[in-house]
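Chemist: Structure below; questions to follow.
A short reminder: the numbers here are calculations on the coordinates, not readings from a lab. Just so it is clear, the model here is predicted, and its values are computed rather than measured. Methodologically, a virtual Cβ is constructed for each residue, glycine included, from the backbone with ideal geometry; neighbour enumeration extends over all protein chains shown.
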Amino acid sequence: MPPTAKDTHPLALFSLVPTSNRARAAVDHPENSHLVSRITDDPDHPGDDQRGLDIGVFIGSKSRYTLATIGRCGDITVEGAGISRIQCSFEINEDNKTEIMLQDRSTNKSTQFFGTKAMPFELGRPHRRVLVDKHVNLEFGFGGVGCDLYRFRIVWHNRGKLMADLCIDYREDNPRQTRTVLDEPPTIEPSRRTTRVHTPGNPERIRYSYREMIGSGGFGEVWKVANVDSGEYLAVKRVKRPHLQSYNHVLLKREVETLSRICHHQRNVIEYKSAVWADEHFEIFMAFRPGNVEDLIRRDFFIKKRTAGDAFVHQMLQALDYLASESIIHRDIKPENILYSPMPDGGLLYQLADFGLANIVADARTFAGSRLYMAPELENSPDSPQTPKMDVWSLFVTLAYALNGAGFRQKPLHNTPLRIKAIQEAANEFRPLRDMAHVDPRERATAGDMLL
């Protein structure tokens, strides 16, 4: 007799609704009765009273980051000679503790995703583990030649901001008697050779699911995305495909070439992952960071914690010194282009981003950058050769703005003479750094000078 269905568990992140006869038998299995609930919030079947298996941290899996295992020895019992002791499992991403992955742990790789929103396991990927969320990978199956003897739909529940990391330490006792893998007979391999449903993959291609837009402008959009094959967060800049040899094409080419050359050699430069043409867009993938220095300034972070400015300027000087050693000028140093992330010691790691305007020193002659942070030589003599000392000036202005040195933010800054006057007054307040703010670039310190 099928177990009586109860309301969905309050800590269930999602439920598995059976779509095949064997999957329905798994829901009816007496050892799974404690997980069976009525599913009334399925967007694809509104109003239907369905039964499914609740998945959440309440299940009590042995691993801290495992929501539930499925198999002959799993938290969810599934019987069958071709089913592995642990066929697959739902795992919390250990880095962000938010994203959920399905891992194929079967001995014969017989787990797969189906449907129009599937981003299935692919050959050539280092792990058989992919993201599941409300947008991708909503139907999966396992067992048999077609990996479809047991098929389930994943129905997500609206839990607001309830995330796995809020309850990762919470475990309820599993009412079943605990079993170990050694208690079970080994998986019986199929008696004939089977051809599994495998998708050929390109390991270099980043598959992703959107999370939120974090920036937009004339260049296009920047999105926070989740990497389908790792669960990590990335930032992807999506730019409409520019005409070949157009100015925007040059900027994109320059950004990719610059980042790919330098990002792995200096930790204060944002990590570049890859770039690819996708339909009518060009996509640049970079490491995701939770915010930029402008966000910190809005919260008065540097004013409330004055010593934070020391770490900030030191890290950025290290980045600029490295760029100078590579004969690169960033040309757009400003708070919005400096990202941050928390470090284990409680401090912040600052990283330069947005290298679209970067130039090799020998070629740098065009007008570029944000006017408030622009070095005076660029405004006064835009056709003269440019040097990395431009970035040193811009970094000092960024610091003056962040710390509101000598009331910098409250002063009139609408033309070049007024900006220079305000910057010089801030330099008098920050005397150890005043060599960064010399109007004459010949007298201005380099980043390397300031690090001595």
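Chemist: What pairs in Lys109/Lys134; Lys237/Lys389; Lys97/Lys134; Lys273/Lys389 have C-alpha atoms more than 21 Å from each other?
Modeler: Details: Lys109/Lys134 24 Å; Lys237/Lys389 28 Å; Lys97/Lys134 17 Å; Lys273/Lys389 28 Å.
Where the Cα-Cα span goes over 21 Å, the pairs concerned are Lys109/Lys134; Lys237/Lys389; Lys273/Lys389.
Chemist: Sticking with this one: Would you pull out the residues with amide H under 5 Å of His438's amide H, same chain only if 5 or more places away, H placed 1.01 Å from N?
Modeler: Here Ala445 satisfy the definition.
Chemist: Moving on. So what are the ³J(HN,Hα) numbers for the range 371-384, from phi and the Karplus equation (6.51, -1.76, 1.60; θ = phi - 60°), rounded to whole Hz, Gly and Pro as x?
Modeler: Result, rounded to whole Hz: 4, 4, 9, 6, 5, x, 5, 6, 6, 7, 9, x, 8, 7.
Chemist: Also, I was wondering about something else. Rank Gln386, Leu413, Leu317 by how far each Cα sits towards the positive end of the charge dipole of the range 291-451 (+1 on Lys, Arg Cβ; -1 on Asp, Glu Cβ) and give me just the farthest.
Modeler: Value computed over the given set: Leu413.
Chemist: Sticking with this structure for a sec: When the Karplus curve 6.51 cos²θ - 1.76 cosθ + 1.60 is applied with θ = phi - 60°, which whole-Hz ³J(HN,Hα) does each residue of the range 314-324 get, with x for Gly and Pro?
Modeler: 5, 5, 5, 5, 4, 5, 5, 5, 5, 4, 4
Chemist: In sequence order, what are the phi-derived ³J(HN,Hα) couplings for the range 345-351 according to the Karplus relation 6.51 cos²θ - 1.76 cosθ + 1.60 with θ = phi - 60°, rounded to whole Hz, with x for glycine and proline?
Modeler: Ordered by residue, 3J(HN,Hα) equals 7, x, x, 10, 9, 9, 9 Hz.
Chemist: Further, regarding this structure: Going by amide H atoms built from the backbone, whose H comes under 5 Å of the H on Ala278, apart from near neighbours?
Modeler: The list, which skips near neighbours in sequence, is Glu283.
Chemist: I've got another one for you. About the Cα centre of the range 291-451, how large is the charge dipole given +1 on each Lys and Arg Cβ and -1 on each Asp and Glu Cβ? Please answer in debye to the nearest 20.
Modeler: The calculated dipole for the range 291-451 is roughly 600 debye.
Chemist: Using +1 at the C-beta of Lys and Arg and -1 at the C-beta of Asp and Glu, which of Thr8, Gly82, Val57 has the Cα lying farthest in the positive direction of the dipole of the range 1-128?
Modeler: Result: Gly82.
Chemist: Shifting gears a bit: Scan around Leu349 for amide H atoms under 5 Å from its own, H built in the peptide plane at 1.01 Å from N, and keep only partners 5 or more places away or cross-chain.
Modeler: For Leu349, the qualifying residues are Ser341, Met343.
Chemist: Then there's this: Under a crude label model (7 Å from the Cα following the beta-carbon direction), how far is Ile420 from Asp383 in nanometres?
Modeler: 2.0
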